[in-house]
1. Residue farthest toward the positive end of the dipole of the chain, with Cβ of Lys/Arg at +1 and Asp/Glu at -1: which of 231, 206, 171?
2. Spin-label point model (7 Å from Cα, Cβ direction): what's the residue 214 to residue 23 distance in nm?
3. Compare the Cα positions of 118, 220, 264 along the charge dipole of the chain (+1 at Cβ of Lys, Arg; -1 at Cβ of Asp, Glu; about the Cα centre) and return the one farthest towards the positive end.
4. For the chain, state the average projected area of the convex hull of the C-alpha atoms over all orientations, rounded to one decimal in nm².
5. Which helices, taking whole DSSP H runs in the chain, have alpha carbons extending 27 angstrom or more along the helix axis plus mean Kyte-Doolittle at least 1.6?
6. Any idea what the dipole of the chain comes to, in debye rounded to 20, about its Cα centre with Lys/Arg Cβ at +1 and Asp/Glu Cβ at -1?
7. Calculate I(q)/I(0) for segment 192-321 by the Debye formula, one identical point scatterer on each C-alpha and no solvent, and give its log10 at q = 0.13, 0.20 Å⁻¹ to two decimals.
8. For residue 256 and residue 152, FRET efficiency with R0 = 35 Å and r from the beta-carbon atoms, rounded to 0.05?
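Every number here is computed from the coordinates shown, using simple stated rules; none is lab data. The structure presented is a predicted model; accordingly, all values stated were derived computationally and were not measured. Note that we place each Cβ from the backbone using ideal geometry, even for glycine, and neighbour counts take in every protein chain shown.
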Amino acid sequence: MRPSLVRRLLTPLAGRSTSLGDAIFSRLTLVFALSVLGILLTMIVLLNIDAMPAIRKFGVSFVGNSSWNPVTEQFGALPAIFGTLLSTAIALILAIPVSLGAAIFLAELAPGWIRGPASFLIEMLASIPSVIIGLWGLFVLVPFVRSPVEHWLGKLDFIPLFHGPPFGVGFLAAGIILAIMIVPFITAMSRDVIRAVPDSQREAMLALGATRWEVISSAVLPYCRSGLIGAVILGMGRALGETMAVTMVIGNGYGVTASLFAPGNTIASKIANEFNEASGKVFIGSLVELALILFAISLIINVLARLLVWRITRGVRESRE
């Protein structure tokens, strides 16, 4: 039998085999994708079931209540929500300039002998367990925050943010420790996003006589703006859910205050502190409802960030056209 005839006879079998393999692969990936959604929905349903005693007793008032008294079974989430948002805001204010500056330097300005070791050290910092960073924060950062930072800021006590005795532990220390933890994440992702910008963007600006700063500010950063926002959002997600390091340095007070020096709590640290001692359906349900609130906050922030990225990306695409 001639080789050409053999090829013609075997081609339909090969086509059927390829089509079958593609069909199996597509079905498997669909199952994997649906399983992720199924796990997420299962978690939401189970959390709602466990939180139902607290939801039935307190309703919407749970979000606006500031009390937490296991003896009388009066619980509220407002101080924990406030502490979560405040510590995350402090972390982002401190971390974003440092992270973006480091990413721009590593991607655009650093010589090769610095770029490699510095990138490795940043990625290694991201892999340090949070409990180790928490211990370092408790024994090194907190004394430094107490003196000289809070002593110096205390001279501005006419500003409510800097009013009160310098404890060292509190919202300020928690924000700083969170900033240290999210800097490597934002820096590493932002560096990769900046390096992904095509060289043609840089070369076009250089050909027009632009300086290095003009190339970065006018060609590189606008091109990768959506990726940079995504890196910041991932860092913010890490800050919202961080538990151990924050628990060690935030002071674990429960109240709403304008002072950054005051001890406080986040949703994650409150759950970590109270869950082992929780007894009774209402107490446990209140902690689970805190978890649901944290889940909702993370979901809302990510949805808003996704809409922002989509809007910026659409604007950049329209400007190019």
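1. The Cα lying farthest towards the positive end belongs to 206.
2. Each label point is offset 7 Å from its Cα along the Cβ direction, giving 6.1 nm.
3. Highest projection toward the positive end goes to 220.
4. 27.2 nm²
5. Flagged H segments are 78-104, 171-195.
6. Computed about the Cα centre, the dipole is about 1240 debye.
7. -0.74, -1.13
8. My answer for the efficiency is 0.90.
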